[in-house]
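Every number in this text was worked out from the coordinates using simple rules, so none of it is lab data. Fair warning: this is a prediction, and the values are worked out from it, not measured in the lab.
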C-alpha cells in the first residue's frame, strides 16, 4: 500500500504535539505504528496489583496534546477493556485536547444484538462506557457488525484489513481460486474479497445451535470441485467455523484450502485443531498480540500498522480518513 502521506518532514503541527501511547495489550503494534510515524511511543506504565486491580499512569505532559491510546481488548478481555477506560480517564484528567481510543480488536463487538430473551447488548454497553470515560473518538478495525458504529455518539473510524490480506494472496497467484464465505452473514464482505481477487464466490450454509462455539456447515452454495479455495471471515476464536467450512469444501472435491481473517483470537486448543485440519495456510493480522498458546505452523501474520499509522496521522491533521475505508 502507498503510505506516502506519512513521510512529510516539513509538516507544521497546529493541533498540538501528537502523542501515541501503548496499552499493555498492544505494545508491539504500537511500536510498529510509531516507527512508521517516525516518533517514539509516549511514556506510560501499567501496574497489576495482586488482588486484580489495574493502575495506569501517564509519564509525560499531555496538556493540550492530541492523544491516541492503542489498546486492544483481546484475552484477558475484561482486564484489557477496563485498562482502556482507565487510560481514557487519565488523559482527560491530564487535560489532553483530544483522546482517540484506538481499538485494533473490539472483542465485545460480537454482542451486537438482542437475539434471544433477557440478554444484554454487550457492544452497546461497552460503547456507552467508552464515551462516559471521555473518549472523543474511536478508531478500530473490522467490527463484527458495521452498525456497531451507530452505538456511539462520538465519531468512529472503521478500518478494513482486506487490502493488506488481499495483497498477500495476490502475490501468491493461486490458480483456479474460489473465495468462500462460511455463512450468509459475511457474504457481502466476501463478495468484495472475491471482486478484488477476480474470483468466483461460494457461500456456506452454517448453523450454530448454542453458545459453545461449535458450527456446522450444512451445504455450500456454489461449486468448489477441482478449485483452490480461500475462506474469508472477520475473526476466528477457536477455528471451528473455518475448519468446518474447509472440511465441507474438501468433501465436495476442493483441492488446496486457504483461509484469512482480520482477527485471529485463537483460544486454547485451537493450535491442535488447526494442525489436524485441511487448511494449508491461515493468514491473520497483528491486531491481537496475546494468545494462550503458540500459533499453529500453518498460521501466517501480516501487519496492519501502515493502515493505523495513516489513519492516526489523518485524524491528527483533521483530514479525511474515508480513502482508507475503500477496498
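Seen against the Cα atoms of the chain and their longest principal axis, helix 122-133 is set at about 10 degrees. Diffusion coefficient (Stokes-Einstein, Kirkwood radius over C-alpha pairs, 10 °C, 1.306 mPa s) for the range 162-302: 107 µm²/s, rounded to a whole number.
Helix 240-251 and the longest principal axis of the C-alpha atoms of the chain enclose an angle of approximately 30°.
Compute the helix-to-body angle for 77-93: its Cα long axis versus the longest principal axis of the chain, expressed 0 to 90° and rounded to tens. On a 0 to 90 degree scale, this one is about 30. For the chain, the mean residue ellipticity at 222 nm estimated from helices alone is -8500 deg cm²/dmol, where every DSSP H run of n ≥ 4 contributes -39500 (n - 2.57) and the total is divided by all residues, rounded to the nearest 500. Pick from 220, 88, 231: which is most flexible by mean-square fluctuation in a GNM of the chain where alpha carbon atoms under 10 Å apart are linked? Result for the chain, Cα springs under 10 Å: 220 fluctuates most. The spread of Cα positions in the chain, taken along each principal axis and listed from longest to shortest, comes to 62, 49, 34 Å. For the range 156-183 versus the range 279-299, the inter-centroid distance based on Cα atoms is 16 Å.
Mean separation of Cα pairs under 8 Å and 6+ residues apart, divided by the residue count of the range 162-302: what relative contact order is that in percent?
20
The alpha carbon centroids of the range 251-275 and the range 73-101 are separated by 33 Å.
When DSSP assigns beta bridges and you keep just the ones with both residues in the chain, what percent turn out antiparallel, to the nearest 5? Before the final figure, lay out each step's value.
Details: 10 of 50 bridges.
Counting DSSP beta bridges with both partners in the chain, the antiparallel share is about 20 percent.
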